[in-house]
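K.L.:
This is the structure I have questions about; it appears just below.
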Amino acid sequence: MKNILLASLISLGCANVYAQSKPNKEDDFYRIITIPIPDNIKMEVGGMQVLPDGRLATSTRRGEVWMIGNPYLKGDGKPSFHRFASGLHEPLGLLYRGKDFLVSQRGEVTRLVDSDNDGVADVYDSFAKWPLSGNYHQYSYGPVPMPNGELLVTLNLDWVGRGASQSKWRGWMLKLGEDGKLTPFATGLRSPSGFGSYKGDIFYTENQGDWVGSGRMTHLEKGDFAGNPAGLRWSKEEGSPVKLTPDDIPNTGEPLYDVAKRVKGLKPPAVWFPHTLVGISTSDFKEDVTSGAFGPFTGQMFVGDQGHSIITRVDLEKVNGVWQGTVFPFREGFMSGILRLEWGLDGSLFVGQTSRGWSATGKSEFGIQRLAWTGKMPFEMKTVRSMPDGFEITFTTAVDKKAAADQESYKLNSFTYKYHQTYGSPIVNTEEVPLKGIVVSEDGMRVRLVVDPAKLRKGYIHEIKAEGIKAADGNSLLHSIGYYTLNEIASGTAINPSQFTTTVKATVDHSAHNMATADAANTAPSAKRVTEMPASWTSGPDQTITIGTVPGLKFDISEIQVKAGSRIRVVFNNNDDMLHNLVITKPGKLNAVGEAGLNLGLKGSELSYVPRTDDVLFHTNIVEPEKTESIYFVAPKQPGNYQYVCTFPGHYTLMQGKLKVVK
Ligand SMILES: [Cu+2]
């Protein structure tokens, strides 16, 4: 593997540029290389495969299959593009099998063959078929191979204001036989664009939506039900390994983990991806099988995020036979929405992107980029392991032991989400997890965080912040936060307090009180969010303005005009399939307000992502898809160009407009 490492360093070509800069940016360790795409190709990547001869094959949402030569940009640095197939219906998966390709279309898996070897497919065989409703949301994904050769496909739910399964096996994962036979395997899936093998087991990633409080990754075994009941419509059909019916699923808003204790077959996720804190829409994932060519995280997983144009890192462990683990931020700044990840032959990672209709922070409509390790060791929390009395963190390089022994270096919280039919969920039941002791290992590579075992809550996400940690060379962690989903607590012996490096002095736990206050502040109308027409407005508002949302992170009006001091009613209709709010800011304060909304952390969802600042004049709360909220206010007396913005994290740079106040 040394050769591969060398190759990846050489292909970067300018490692010395980084030697002089301060090593505390993602770019110093992982570099994004953009593959230039000719203007006439809409490379909206739906499926992607690295071919053994070095080419990269893609299927695009426009229905084409492309062969890209020299995707590593060697020699003259120019890739070549050759169209292999066309006329397909939004193929969101592509599999190379040597003699042929299998590609998903909306209604089938198609086998493509170039039988006369002219570089263009001349055989388009229907390999496996399923019915379609015609709903725009019936995306189909795969086939994805397992190590044992089995093939998997997944079928997205319809969207009719909620997830629905309007034709057979929508919301399911199915096994695809060599004879084209489809065998239902598991259901409860909503938007399963990322799935495949991790250490031989099957995992899939899910996006926030109805019955899905936040993004998550679930280990699927035959007969599992992952949470969205729409697919259960077909559980009585022949071949279904799932026994549950839609009536078995309670809509109580209890945490999914707790409901799963009494609903047999409901499978809690291995990892939650807290919404907006580490991405908003998980997509493809890949196990790091590069043996070090991609850096120090061999055996871990990298996960794409469509909406935030980022890649996260997931470190899993099996405790009492159950998969669980941590998601960490890893790399941001990709050009479009990330849908596909594939390992390059040199241990770099190809990142296939598209954002049409699926809005993303990366502003390009589509793109292909490659992420390569520069060879520098990032200072990161490498793993987190469950312990009977807390967690053990390992680091990629040795820590400064003094900082690591300081109780102020850490902050632990736990929280979860509601399991209910509603789209998404606020963060609920937040509690601080106070430290009792810290044990720093002799070599400085490991830290045990000891807590009261009664404060470890099964099924909860444990937020581990280590902002005070420094490396021996004085650098801070590249990312100082991780979210550990604790399904099982590891057995073993608790550490005797006499062995603590630091015994933490008891502190007063204010967290419960703070959270309750924030809740009250949020749900109640306030001076900035008046949701009933004031009684004094006997002749009604002077002006009613209706603002809607459209896909692609946009309001449907970019400028509105009101008279200074007039009585205004704003009707905010969320016609999109994502969460949005509407926040009116003082002139020139839009970006500051958007940024502040992004930095609210765990409190964000309770506050509807509206920061408490004087720069915010009026606002709605977060409005769910297909819902509406009206607010009433008196327009500012001072004429000028005020602004409006959606402060849902990741949206403010695109979702904005001008509120012109005139005399
Ligand atoms: Cu928004």
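K.L.:
Using the beta-carbon distance between Met445 and Glu221 and R0 = 35 Å, what value does 1/(1 + (r/R0)^6) give for FRET efficiency, to the nearest 0.05?
P.N.:
For Met445 and Glu221, the calculated efficiency is 0.50.
K.L.:
Same structure, new question: R0 = 30 Å: FRET efficiency of Lys627 with Glu237, Cβ-based, nearest 0.05?
P.N.:
Details: r = 33 Å, r/R0 = 1.11.
So, using R0 = 30 Å, E works out to roughly 0.35.
K.L.:
Also: Toward the positive end of the charge dipole of the chain, about the Cα centre and with charges on Cβ (Lys, Arg +1; Asp, Glu -1), which of Ser498, Pro587, Ser80 goes farthest?
P.N.:
Pro587
K.L.:
Something else: Can you give the relative contact order of the chain as a percent, counting alpha carbon pairs under 8 Å and 6+ residues apart?
P.N.:
10
K.L.:
Now, a different point. I'd like the FRET efficiency for Asn251 and Glu488, computed as 1/(1 + (r/R0)^6) with the beta carbon distance as r and R0 of 22 Å, rounded to 0.05.
P.N.:
The calculated FRET efficiency here is 0.25.
K.L.:
Return Thr544, Thr502 ranked ascending by Cβ neighbour count within 10 Å, so the fewest neighbours appear first. Kindly include the intermediate steps, with their values, before the conclusion.
P.N.:
Working: Thr544 13, Thr502 17.
Least crowded to most crowded, the residues run Thr544, Thr502.
K.L.:
Moving on. Any idea which of Asn573, Pro378, Met217 is furthest toward the positive side of the dipole for the chain, if Lys and Arg beta-carbons carry +1 and Asp and Glu beta-carbons -1?
P.N.:
It is Asn573, whose Cα lies furthest towards the positive end.
K.L.:
Once you have a ≥ b ≥ c as the square roots of the Cα gyration tensor eigenvalues for region 325-402, tell me rounded if a/c is under 1.5, and otherwise prolate or oblate according to whether a/b is larger than b/c.
P.N.:
Values: a/c = 2.70, a/b = 1.92, b/c = 1.41.
Judged from the Cα gyration tensor, region 325-402 comes out prolate (a/c at least 1.5, a/b above b/c).
K.L.:
Using a 7 Å offset from the Cα along the Cα-to-Cβ direction at both Ser558 and Asn641, what is the distance between the two label points in nm, to one decimal?
P.N.:
1.2
K.L.:
Moving on to the next point. Most exposed first by the Cβ proxy, i.e. fewest other Cβ within 10 Å, how do Ile41, Ile35 rank? If you can, show how the numbers build up before the last one.
P.N.:
Values: Ile41 16, Ile35 19.
Ranking Ile41, Ile35 by Cβ neighbours within 10 Å, fewest first, gives Ile41, Ile35.
K.L.:
Please give the direction-averaged projected area of the C-alpha convex hull for region 35-129, in square nanometres with one decimal. It would help to have the intermediate numbers written out before the result.
P.N.:
On the way: hull surface 23.6 nm².
So the Cα hull casts an average projection of 5.9 nm².
K.L.:
Which pairs in the list Lys199/Lys436; Lys465/Lys589; Lys286/Lys455; Lys243/Lys418; Lys175/Lys627; Lys99/Lys363 are over 26 Å apart, alpha-carbon to alpha-carbon?
P.N.:
Details: Lys199/Lys436 35 Å; Lys465/Lys589 30 Å; Lys286/Lys455 33 Å; Lys243/Lys418 24 Å; Lys175/Lys627 37 Å; Lys99/Lys363 37 Å.
Pairs exceeding 26 Å: Lys199/Lys436; Lys465/Lys589; Lys286/Lys455; Lys175/Lys627; Lys99/Lys363.
K.L.:
Counting Lys +1, Arg +1, Asp -1, Glu -1, what net charge surrounds Pro587 among other residues with beta carbon under 12 Å of its beta carbon?
P.N.:
Every neighbour counted, the sum reads +3.
K.L.:
Answer rounded, prolate or oblate for region 520-660, using the Cα gyration tensor with square roots of eigenvalues a ≥ b ≥ c: rounded when a/c is under 1.5, else prolate when a/b is larger than b/c, else oblate.
P.N.:
Since a/c stays below 1.5, the shape of region 520-660 is classed as rounded.
K.L.:
Karplus couplings for region 458-469 from phi (6.51 cos²θ - 1.76 cosθ + 1.60, θ = phi - 60°), rounded to Hz, Gly and Pro as x?
P.N.:
Coupling constants for region 458-469: 5, x, 9, 8, 9, 7, 10, 9, 9, 5, x, 5 Hz.
K.L.:
Here is a follow-up. Compute the Rg to Rh ratio over region 381-509 from the alpha carbon atoms, using the Kirkwood formula for Rh, and round to two decimal places.
P.N.:
On the Cα set of region 381-509, Rg over Rh gives 0.99.
K.L.:
I need the phi-derived Karplus couplings for region 243-255: 6.51 cos²θ - 1.76 cosθ + 1.60, θ = phi - 60°, integer Hz, Gly and Pro marked x.
P.N.:
Whole-Hz 3J(HN,Hα) from phi for region 243-255: 9, 5, 10, x, 5, 6, 9, x, 9, 9, x, 5, x.
K.L.:
Let me ask something additional. Given points 7 Å out from each Cα along the Cα-Cβ axis, report the Lys261 to Ser133 separation in nanometres with one decimal.
P.N.:
Using points 7 Å along Cα→Cβ, the separation is 3.4 nm.
K.L.:
What does the charge dipole of region 35-129 about its Cα centre add up to, to the nearest 20 debye, if the Cβ of each Lys and Arg holds +1 and the Cβ of each Asp and Glu holds -1?
P.N.:
Numbers: 12 positive and 13 negative charges, 61 e Å.
It works out to roughly 300 debye.
K.L.:
In region 125-177, which chymotrypsin sites (Phe, Trp or Tyr not before Pro) are in a loop and have at most 16 other Cβ atoms within 10 Å, using DSSP for the loop call? Write down the numbers at each step before the final one.
P.N.:
Working: sites: Phe127, Tyr136, Tyr139, Tyr141, Trp159, Trp169, Trp172; in loops: Tyr136, Tyr139, Trp169.
Here the chymotrypsin sites (Phe, Trp or Tyr not before Pro) that fit, given the DSSP loop and packing criteria, are Tyr136.
K.L.:
For the pair Thr34/Gln499, report the inter-label distance in nm, with labels modelled 7 Å from Cα in the Cβ direction.
P.N.:
Between Thr34 and Gln499, the simple spin-label model gives 5.2 nm.
K.L.:
Still on this model: If you keep only loop residues by DSSP, which trypsin sites (Lys or Arg not before Pro) in region 226-289 have at most 11 other Cβ atoms within 10 Å of their Cβ?
P.N.:
Lys236, Lys264
K.L.:
Work out from phi, with θ = phi - 60° and the Karplus expression 6.51 cos²θ - 1.76 cosθ + 1.60, the ³J(HN,Hα) of each residue of region 123-129, listed in order in whole Hz, and give x for Gly and Pro.
P.N.:
Computed from phi, the couplings for region 123-129 are 10, 10, 9, 6, 9, 7, 10 Hz.
K.L.:
Moving to a separate point now. What net charge do the residues around Val120 carry, taking every other residue with its C-beta under 13 Å from that of Val120, with Lys and Arg at +1 and Asp and Glu at -1?
P.N.:
Surrounding charge for Val120 is -4.
K.L.:
What does the extension gain come out to for Thr544 and Val289, with contour length at 0.36 nm per residue minus their alpha carbon separation?
P.N.:
Full-extension gain reported as 86.0 nm.
K.L.:
Okay, moving on. Could you grab the Rg to Rh ratio for the chain? Cα atoms only, Kirkwood for Rh.
P.N.:
Radius of gyration over Kirkwood radius for the chain works out to 0.97.
K.L.:
Let me ask something else. Are there DSSP H segments in the chain that both extend 15 Å or more along their axis (alpha-carbon positions) and score a mean Kyte-Doolittle hydropathy of at least -1.0? List them, or say none.
P.N.:
2-12, 511-523
K.L.:
Provide the net charge surrounding Pro534, with neighbours chosen by a C-beta distance below 15 Å and charges set as Lys +1, Arg +1, Asp -1, Glu -1.
P.N.:
Residues close to Pro534 contribute a combined charge of +2.
K.L.:
Assign unit charges at the C-beta atoms only (+1 for Lys and Arg, -1 for Asp and Glu), then state the dipole size of the chain relative to its Cα centre in Debye, rounded to the nearest 20.
P.N.:
Details: 71 positive and 71 negative charges, 211 e Å.
It comes to approximately 1020 debye.
K.L.:
Multiply the residue gap between Thr653 and Asn117 by 0.36 nm, knock off their C-alpha separation, and tell me the result in nm, one decimal place. List each step's numbers first, then the result.
P.N.:
Numbers: separation 536, 0.36 × 536 = 192.96 nm, distance 4.77 nm.
Full extension of this stretch gives 188.2 nm more.
K.L.:
Let me ask you something else. On a full-extension model of 0.36 nm per residue, what is the gain between Ser80 and Val530, subtracting their alpha-carbon distance, rounded to one decimal in nm? It would help to have the intermediate numbers written out before the result.
P.N.:
Values: separation 450, 0.36 × 450 = 162.00 nm, distance 5.78 nm.
My answer for the length gained is 156.2 nm.
Each value in this text was obtained by applying a stated rule to the coordinates, not by laboratory testing. In this text the structure is predicted, and so the values were computed from the model without any measurement. Glycine also receives a Cβ, built like all others from the backbone with ideal geometry; neighbour counts cover every protein chain displayed.
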